[in-house]
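Below: the structure, in structure tokens.
The values are calculated or read from the model by the stated rules, or taken from the named source; none is laboratory data. Here the structure is a predicted model, which means the values were calculated and not measured. When we count neighbours, we look across all protein chains shown, and the Cβ atoms used for this are built from the backbone with ideal geometry, even at glycine. The protein model used for the area step is the full one, side chains on, heavy atoms only, and it has no ligands, DNA or RNA in it. Shrake-Rupley method; radii C 1.70, N 1.55, O 1.52, S 1.80 Å.
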Amino acid sequence: MRNALLNIVKKEMKEIIRDPRLFLAMILLPILIMPIMGIAFQGFMSQAAESAKGEVRIAVINLDEGNISEIILSSPDFNLALKSLNVSMIYLNNLGLDSVDAAINYITDNGSIRALVVFPENFTYCINAQSPIKLDVYYFVEKNNPSSITAVSSRITIFMQLLKQVISTYVILNIDPNANPVFIQNPLISQPNTIYEGKVIRNTPPELIMQAFFMQMLMMPIAVMMLLSIAIQFAATSVASEKEQKTLEILLTMPINRETILFGKLTGSILVAVLGTIGYAIGFQFYMQSITTPMGQGQGVQINLNEIGLSIDPLGFTLMAISLFLSLLAILALVMILASFAEDVRTAQSLTSFIFMPVMLVGFFAIFAIAIGVSPTWMQIMLFIPFTSPMIVPLYVISKQYMIVIISLLALLLETIIAIKIAAKFYGSEMILSARLRFKKKKKKETE
Amino acid sequence: MQDLRKYFKKTKAVDGINFTVREGEIFGLIGPNGAGKTTTLRIIATLLKPTSGEVKVMGHDVVSEPKIVRKLISYLPEEAGAYPQLKGIEYLRFMANFIGENEDAVREMVEFGAEISGLGERLHDKVKTYSKGMKRRLLVARTLMVKPKVAILDEPTSGLDIIHSFHIRNMLKDFSKKFNTTIIVSSHNMLEIEYICDRVAIIHKGKIVAEGAPRELKDEMNASNLEEVFMRKVMAHA
Ligand SMILES: Nc1ncnc2c1ncn2[C@@H]1O[C@H](COP(=O)(O)OP(=O)(O)OP(=O)(O)O)[C@@H](O)[C@H]1O
Ligand SMILES: [Mg+2]
């Protein structure tokens, strides 16, 4: 006998390539997912904006050799405006700190301050000379809550606005009523720097870091969701279509192992899913680029993921791949059982999506929840579920928590073996032929 | 001589049936709708397991040795389809690949299948463009191209016009003679059964109510044709 597995896989491929219905389902589904992701992202962003209402602590270190900075910083108008914005300013000079490095160290240890504004040595000099003052701003990104930086960044913008007004007023009232209007309009240039994980990333606004973070955090789950949904759709279709087209009975009397039929369809589904995902990954890259380029372009900054500790090493990638592969097998085995209860493709597709879509969405939203800072217990639970494991594993891998990942993968292996055993048993029995379920019939009965 | 015995009880569907089919003969199963013909054939084809009783195909038990049985038989289900996206010839090849030992054997099977299908050039069109009759012919060809020891055909001519039925009927008869293949066939067409079958069994409500060569049954009942035999037997057990 020739290779029956290959024979089945080849036939599956021919069918998918030639059937416009199957293609459509595979293209439509991810297109529907895109807006959902968009909504999710927006929801996350508004959450971040929500947290912008809380108090933000901004530190100031004054290196000015003159005295105008003191006057401005102690201006009652300025301080009153800050208070109304829920910004509390911490004047580090009062704590005896006298250098940027010392300030950064202090803030890193302190942990509750989100930004540092440095008043340079030439502050007074620049005001007198009416030339723009360059202010360095350091943003401190919280590792477990990078989104909080949105709130900080918006306060800093307002802080700078206020500062400009106070400086302009001061110059016109006390130095030169006929001051250079260009200087009066824009007396400050603020230079953003980001501190992430104790590392100083110069000339880089925190939004860029956040973007990199989310790219890492989102790309994997999205790719995983694509892959899973394509594979599930395809597997369900391929099983149910054998029933719909009445080809199953003949196939089952072929002198081959029933497992071969199961594995042939599994392999076909995984192949199609991988091909589909590669296609979408390329599409998604364009999609994301179109969003991020305008922000990143002006800065002319390249972020080295390695430098900020967001990179994934070979071991991490291996663990991610194992998690994905095992999950795929486990889920598809279950889909194959579920779909064989359906007598037609449409029933099979709705049956499987009713069950798997919510689960995957839960996993997906959980990642946002984690981004906003939810307890890690849920994350650990999801690590042990085939549907969510490949979405969660990357997060653990990025933070190099390998032990728990490996333990969860062992559990996943066991789950996968059980799922395949059950499916093989099901395919070996006559249940595969007699299992019956059709939504229309059911509904009719209910209404009767 | 190989023997094929069966006895099974399945709640109502098949309720204690015994019969033996001799090697090389065409055996007909007739009976009203729901009599249990399809169920019986599915059990022989290893698709369903009997609740009780025993079925042997050439001495091999369908329950304990399904893999051997599957190598001996070729089954045409009552409602069968072919993959609509495949071309007729691709379908034959796909099926032959499961059975042929090597590329040559597969090619031979496909060529033979193409010939007996009588579909000619249409074999290079996708199955979805076929009419019901063409599909049935393709499926019958698929069943026979592997030259099985035992061919099981559930209503091979159902829904076909006279010409298609005629074609299939003659093909079965020739085939059985030429290759000494045992054929078990079910049908609602008494003329057909009378024409092709060496022996028939009339099933009613899961039980055999008559068995024998068409001629014997007619003589026994003093009937002019099989239809009369069928009606009287079924009525008697109603
Ligand atoms: N999968 C099944 N589940 C439950 N009952 C079934 C199933 N298949 C068949 N039956 C029942 O078994 C009985 C025999 O059915 P079967 O299909 O064997 O009849 P048949 O002789 O082939 O009829 P027909 O001439 O209509 O094809 C019927 O009463 C039918 O309702
Ligand atoms: Mg039937």
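Of the listed residues A:11, B:149, the order by accessible area with a 1.4 Å probe, largest first, is B:149, A:11.
Between residue A:110 and residue A:190, residue separation times 0.36 nm minus the direct Cα-Cα distance comes to 26.4 nm. For residue B:87, the solvent-accessible surface with a 1.4 Å probe is about 70 Å², rounded to the nearest 10. Note on residue B:225 and residue B:178: with the Förster distance fixed at 30 Å, the Cβ-Cβ geometry gives a FRET efficiency of about 0.60.
Leaving out ligands, DNA and RNA, what percent of the accessible area of chain B is carbon and sulfur, probe 1.4 Å?
Numbers: 5100 of 10290 Å².
Of the solvent-accessible surface of chain B, carbon and sulfur hold 50 percent.
Take the Cβ atoms of residue A:359 and residue B:188, set R0 to 45 Å, and the FRET efficiency comes out at 0.40.
Note on residue A:55 and residue B:22: their simple-model spin labels are 10.4 nm apart, each label 7 Å out from Cα toward Cβ.
Beyond a 31 Å Cα-Cα separation, which of these cross-linked pairs lie in this structure: B:56/B:147; A:11/B:71; B:49/B:218; A:246/B:71? Please list the in-between numbers first.
Details: B:56/B:147 19 Å; A:11/B:71 21 Å; B:49/B:218 34 Å; A:246/B:71 21 Å.
Going by Cα-Cα distance, B:49/B:218 fall outside the 31 Å limit.
Starting from the Kirkwood Rh over alpha-carbon pairs, what translational D in µm² s⁻¹ does chain B have by Stokes-Einstein at 37 °C and 0.692 mPa s? Write out the running numbers ahead of the final one.
Values: Rh = 18.2 Å.
The Stokes-Einstein estimate is 180 µm²/s.
Amide hydrogen proximity for residue A:133: with H placed 1.01 Å from N in the peptide plane, the residues at 5 or more positions away or on another chain lying under 5 Å are A:188, A:189. Stretched out straight at 0.36 nm per residue, the stretch from residue A:199 to residue A:121 would grow longer than its current Cα-Cα span by 25.7 nm. Over the Cα atoms of segment A:56-203, the radius of gyration divided by the Kirkwood radius equals 0.97; this is the Rg/Rh ratio.
Here the Karplus curve 6.51 cos²θ - 1.76 cosθ + 1.60, taken at θ = phi - 60°, turns the phi angles of segment A:332-348 into couplings of 5, 4, 5, 4, 4, 5, 4, 5, 7, 7, 8, 8, 9, 4, 5, 4, 4 Hz, with x standing for Gly and Pro. Just for segment A:56-203, what percent of DSSP beta bridges are antiparallel, to the closest 5? So the antiparallel bridges amount to about 25 percent of the total.
Annotation: amide H-H contacts under 5 Å for residue A:59 (H modelled 1.01 Å from N, sequence separation of 5 or more, or interchain): A:90, A:114, A:115, A:116, A:117. Extending 7 Å from Cα along the Cβ direction at residue B:161 and again at residue B:63 yields two label points whose distance is 4.7 nm.
Accessible area per residue (1.4 Å probe, heavy atoms of protein chains only) ranks A:313, B:154, B:104 as B:104, A:313, B:154, with the largest value leading. Per-residue SASA remark: residue A:176, around 40 Å² accessible (1.4 Å probe; ligands, DNA and RNA not included). Please list, in order, the residues from segment B:15-51 whose amide nitrogen is less than 16 Å from a point placed 7 Å along the Cα→Cβ vector of residue B:216. So the set is B:18-30.
Taken one residue at a time, the phi angles of segment B:213-228 give Karplus couplings (6.51, -1.76, 1.60, θ = phi - 60°) of 6, x, 4, 4, 4, 5, 4, 4, 8, 6, 10, 7, 8, 5, 4, 5 Hz. Gly and Pro are set to x. Quick one: if you stick a label point 7 Å off each Cα along the C-beta vector at residue B:129 and residue A:170, how many nm between them? The answer from the label model is 8.5 nm.
As a length-normalised measure over Cα pairs under 8 Å and 6 or more apart, the relative contact order of segment A:90-151 settles at 26 percent. For the pairs A:425/B:67; A:243/B:132; B:149/B:178; B:132/B:207; B:126/B:149, flag any whose C-alpha to C-alpha distance is greater than 22 Å. Going by Cα-Cα distance, B:132/B:207; B:126/B:149 fall outside the 22 Å limit. Helix B:162-179 and the longest principal axis of the Cα set of chain B meet at an angle near 90°. Measuring nothing but how far apart in sequence close Cα pairs (under 8 Å, 6+ apart) lie, relative to its length, chain B scores a relative contact order of 26 percent. Among the protein heavy atoms, those of residue B:101 account for about 130 Å² of accessible surface (1.4 Å probe, every chain in place). In order along segment A:165-173, phi translates into HN-Hα couplings of 4, 5, 5, 4, 4, 4, 4, 5, 6 Hz, rounded to whole numbers, per the Karplus curve 6.51 cos²θ - 1.76 cosθ + 1.60 with θ = phi - 60° and x for Gly and Pro. Per residue, chain B reaches -13000 deg cm²/dmol at 222 nm when only DSSP H runs of four or more residues are counted, each adding -39500 (n - 2.57). Near residue B:184, the amide H atoms lying under 5 Å from its own belong to B:27, B:151, B:152, B:153; only residues 5 or more places off or on other chains count, and H is placed 1.01 Å from N. Ordering B:199, B:93, A:436 by accessible surface, largest first, gives A:436, B:93, B:199; the 1.4 Å probe counts only protein heavy atoms, with every chain in place.
Heavy-atom accessible area buried between chains B and A is around 3100 Å² (1.4 Å probe, both sides summed).
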